[in-house]
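Each value in this text was obtained by applying a stated rule to the coordinates, not by laboratory testing. All of these numbers come straight from a predicted model, not from anything done at the bench. Note: ideal-geometry Cβ built from the backbone for every residue, glycine included; neighbour counts use all protein chains shown.
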Amino acid sequence: MQNSFSRIYSAQPHVTDGSIITVEIDLARGLNAFNIVGLPDKAVEESRDRVGSALKNSHYSSPKHTNQKTIVSLAPAEVKKEGSFFDLPIALGYLLSSGELEFDPTNKIFVGELALNGELQSIRGVLPLVQLAKDNGFTEIFVPVHNACEAALIEDITVYPVKTLCEIVTHLNLYGEEKITPQPVTEIEYEKIKYPIDLSDVKGQEHAKRGLEIAAAGGHNVGMYGPPGTGKTMLARAFAGILPQLSRDDMLEITSIHSIAGTLDCTVITQSPFRSPHHTSSHVAVIGGGAVPKPGEVTLAHRGVLFLDEFPEFDRRVIESLRQPLEDKMVHISRARGSAKFPANFILVAAMNPCPCGYFGTRKKTCVCTPSHIGRYKRKVSGPIMDRIDIWLEVEHIDYEKLSDKDFPKTDTSDIVAQRINNVRDIQKERQGKKNSELSVKDLENIEIENDAQEILNTSAEKLALSPRSYHRIIKLARTIADLDNVQTIHLSHILEALQYRSKQ
């Protein structure tokens, strides 16, 4: 009981940031007790049993088998503690307080869940934890061996992969003699995924393909409407194959989000996410939230695509909640137990039918919907949502002769289109440092527009009764079309093409 007090450091992640948690252990004489304070959730409280068994089965003294009072304090006390990240630091802190372990915890951070036999189990959210530790001046971090490759994506901090509690105790006690070999920095190897649907596989629909290319080049939102079976879903899935390459920072940001959410199935995500939730998905599943705010599909689609098939069939609350992320690229959620701000910078691709039966205004089949049903169906997508979608594409039936014609000329493949899009994104990055869809009103003042193009834009805006938001979005869209033509000034043809993508409804 000589060193009855110890202090070591751990951390817990959030979607956009995290918290450094100080783990303090105090041992005192008295009846046996093992208490954890500092707003722990159920998983943290259960660490008492995991830590006790892990210590016993690793042949160290267990706090449950001694006549002493053990208090574990997780500071800061006002921050809610969640998950199993603190098992390892609690065990090491106990050994340090009881005198069975001696080491200097300065500049070291520990995270990991203990199995009952003392082995370390993998945890979620390791990547943002390592970044957090680095940003706070820590030079070493100890993580479960299964998370080591992910943790080593962050440079300039030493990552130690730990297999068992005995291994790390030996490492710390005999520092400099029996060391755990640090994990080498994980190199990101970009590999182009071959998607099952190539843009050239879609016969016809040149107008829709052109719209999707513009959307990918400038990061614009897309809405597709047409009868069932005309290729809307196929086009949306081919859209994933023409998205531009991610930067290293974007890869790490996306990987961090999916690591925290528990959806990471690889070391690092190198491709833009493509999320396609079912139309029966709840508001919390799509937007995020819950008693303790958690990220939803709009956050998991960050830096990628959110595809909403059967768009009007989604709950109206879900559709209307898209207003903020489509405009601000963020989701702000406030609940009684806490608030959170989640990133949600994605391209929305929405697909819908013209009516409930799907054949209103088509020549192939007769619509059987009543006018009231059609009106109710269209009202499910409100004006403010339609206003935030830059490109509306009609996807019509393709003649059967074209579908069966094996010699029908194919359009450019996804790889060729993706190369053009990468070039356009490079132009935008060099000119303004961001996508055209992210330009502010002030940024638009620096865009050069020919006089006749400006006149047509103003006249059309007056006749179509466009809102200021729609007016500015047309300029952004025209800027992207001009970039595809590799010209610095927006011409009349660019404005006319941008105008034709506005909603006709």
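Numbers for the structure displayed
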{"item": "Bridge type composition, the chain - antiparallel percent by DSSP, nearest 5", "result": "50 percent"}
{"item": "Residue exposure sequence - ARG48, ARG469 - by fewest surrounding Cβ within 10 Å", "result": "ARG469, ARG48"}
{"item": "Nearest-ten-degree value, helix 87-98 long axis tilted from longest Cα axis of the chain", "result": "20 degrees"}
{"item": "Cα-based helix-to-principal-axis angle, 47-57 vs the chain, degrees rounded to 10", "result": "50 degrees"}
{"item": "Efficiency of FRET between LYS192 and SER372 - r from beta-carbon atoms, R0 56 angstrom, step 0.05", "result": "0.70"}
{"item": "Spatially proximal lysines relative to LYS442 (Cα-Cα < 22 Å; intrachain offsets below 8 disregarded)", "result": "LYS329, LYS429, LYS434, LYS476"}
{"item": "Prolate/oblate/rounded label for region 29-122 (Cα gyration tensor, a/c 1.5)", "result": "rounded"}
{"item": "Whether region 199-404 is rounded, prolate or oblate, judged on the alpha carbon gyration tensor where a/c under 1.5 counts as rounded", "result": "oblate"}
{"item": "Spatially close lysines, pair count over region 5-173: Cα under 17 Å, gap of eight or more or interchain", "result": "5"}
{"item": "Part-to-part distance (alpha-carbon centres) for region 386-404 and region 231-300, which is given in Å", "result": "25 Å"}
{"item": "Between region 34-104 and region 148-189, the alpha-carbon center distance in angstrom", "result": "22 Å"}
{"item": "Relative contact order of the chain, pairs being alpha-carbon contacts under 8 Å that are 6 or more residues apart, as %", "result": "13 percent"}
{"item": "Full-extension gain in nm, ASN423 to ASP485, via 0.36 nm per residue minus C-alpha separation", "result": "21.2 nm"}
{"item": "Set of lysines near LYS378 by C-alpha distance (under 23 Å), chain-local residues within fewer than 8 positions excluded", "result": "LYS232, LYS364, LYS365, LYS463, LYS504"}
{"item": "Cα gyration tensor shape of the chain, rounded if a/c is under 1.5, else prolate or oblate by comparing a/b with b/c", "result": "prolate"}
{"item": "Set of aspartates and glutamates with alpha-carbon distance to LYS406 below 12 Å, sequence-local pairs under 8 removed", "result": "ASP201"}
{"item": "Helical contribution to [θ] at 222 nm, DSSP H n ≥ 4, -39,500 (n - 2.57), averaged over the chain, rounded to 500", "result": "-10500 deg cm²/dmol"}
{"item": "ASP390, ASP328 arranged by Cβ crowding within 10 Å, fewest neighbours leading", "result": "ASP328, ASP390"}
{"item": "ARG303, ARG317 arranged by Cβ crowding within 10 Å, fewest neighbours leading", "result": "ARG317, ARG303"}
{"item": "Degrees separating the helix 248-261 axis from the principal Cα axis of the chain, which is the longest one", "result": "70 degrees"}
